[in-house]
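Encoded as structure tokens, the structure appears first; notes follow it.
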Amino acid sequence: MDPEVSRTVSIPYLRFAMKSLLTKPAVLFLLALVVIAAAAPLLVLDTSEHANSMDLNRAFLAPFSSSDQGIHLLGTDKFGRDHFSRVVLGSRISLGVGVVAVAVSLIIGIPVGAFAGYFGGKIDAVLSWLMSVIWSIPTLLLVIALTFVLGKGIVQVFIAVGLTMWVEVARIVRGQFFSEKKKEYVEAAKVLGFSKLHIIFREILPNTIGPLTVICATNFASALLIESGLSFLGIGAQPPLPSWGSMIRDYYPYLITGQGHLALVPGTLISLTVLSLNAISTFLKSDS
């Protein structure tokens, strides 16, 4: 085989292999995180509500230390609470906010984008104006404003984060509908007498699944970061509910002492989760 042809063939394969090499650990990490979150009641050492059992005699125990509770894999915090138990329970909030935010963004974003892209004209102008207005507001500022309106609490945070992410979904769907509605299968559906709603949701929408999957992975990562930021600021998950963001807020001053792992563990998990989601999003984008 011609060396130049061999090189041309091998480069795309090498790129695909590298992407797969980076994607597989990301998928495995996220699957492990989901399993740990689902099996949290079986894994935690502290079985009290929110792993909030306090005992100052156990305060700041080193990792793998023992107490009357058992072996503390990640030690204990300043209140004597088992840190491993709270980190595991905190994974439920991080995954929960991503799922709810993505669901809310899809519920709002798909119809808005579909109607704007399919009907065009004045409907598209009004909906595009609405999307541009919301798009122009900084995401964190909008989430904070919605949180104050809805009130403090983890459910309110979930909804507020989702309400800020539907614009990305709507813009993707709108663009896809603009290109898809001109194709022959849509004209055929019109000739056969199918209703507009049938054409929108049964004919065109399934062909937008690829780009929607990419934006869902991206929004999931963004939702996790926003929730962590809100909890760090004190307007996210409220005590005693364990949250990775609130753990960083509570324990980052201990980074210069011997208890830096109390903040580093949740911070590392946030970083790995976001990196994994971004790796999967990039792979799906290149494959779609």
Test: residue 170 is modelled with pLDDT under 90, buried (at least 18 other Cβ atoms within 10 Å of the Cβ) and closer than 30 Å to residue 245 by Cα | no
Residue under evaluation residue 63, criteria (1) farther than 20 Å from residue 240 by Cα; (2) modelled with pLDDT of 85 or more; (3) part of a helix (DSSP H, G or I), criterion not met | (3)
Only residues in region 149-160 that are within 14 Å of residue 228 (Cα to Cα) count as the first member; pair them with residues that are of a type in the set (Gly, Ala, Ser), Cβ under 6 angstrom, at least 6 apart or cross-chain, and list the lot.
-> 154/237; 157/236
In region 170-199, which residues are over 17 Å from residue 120 (Cα atoms), out of contact with any His (no Cβ under 8 Å at 6 or more places or on another chain), hydrophobic (A, V, I, L, M, F, W, C) and assigned to a helix (DSSP H, G or I)?
-> 188, 191
Does any residue of region 38-55 turn out to be surrounded by fewer than 15 Cβ atoms within 10 Å (Cβ to Cβ), modelled with pLDDT of 85 or more, in contact with a Gly (Cβ under 7 Å, 6 or more places away or on another chain) and not hydroxyl-bearing (Ser, Thr, Tyr)?
-> yes
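Just one of 84, 148 is within 25 Å of residue 267 (Cβ to Cβ), assigned to a helix (DSSP H, G or I) and either within 25 Å of the chain's Cα centre (by Cα) or among the aromatic types (Phe, Trp, Tyr) (or both); which is it?
84
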Considering each residue of region 201-260, count those that are within 28 Å of residue 113 (Cβ to Cβ) and not hydroxyl-bearing (Ser, Thr, Tyr), and give that number.
-> 25
Could you tell me whether any residue of region 271-279 is of a type outside the set (A, V, I, L, M) and out of contact with any helix residue (DSSP H, G or I) (no Cβ under 9 Å at 6 or more places or on another chain)?
-> yes
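If you scan region 234-245, which residues turn out to be assigned to a helix (DSSP H, G or I) and without any contact (Cβ under 8 Å) to a residue 40 or more places away in the chain?
Of everything in region 234-245, just one residue is assigned to a helix (DSSP H, G or I) and without any contact (Cβ under 8 Å) to a residue 40 or more places away in the chain, namely 245.
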Here the residues within region 113-135 that are part of a helix (DSSP H, G or I), surrounded by fewer than 20 Cβ atoms within 10 Å (Cβ to Cβ) and not hydrophobic (A, V, I, L, M, F, W, C) are 121, 122, 124, 128, 132
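Among the residues in region 151-171, are any among the hydroxyl-bearing types (Ser, Thr, Tyr) and either closer than 30 Å to residue 253 by Cβ or touching a Leu at 6+ places or on another chain (Cβ under 8 Å) (or both)?
Within region 151-171, one or more residues are among the hydroxyl-bearing types (Ser, Thr, Tyr) and either closer than 30 Å to residue 253 by Cβ or touching a Leu at 6+ places or on another chain (Cβ under 8 Å) (or both).
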Filter result for residue 110 (part of a helix (DSSP H, G or I), of a type in the set (A, V, I, L, M) and more than 29 Å from the chain's Cα centre (by Cα)) | no
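The values are calculated or read from the model by the stated rules, or taken from the named source; none is laboratory data. Worth saying up front: this structure is predicted, and the values here are computed from it rather than measured. No Cβ is skipped: glycine too gets one built from the backbone with ideal geometry, and neighbour counts run over all protein chains shown.
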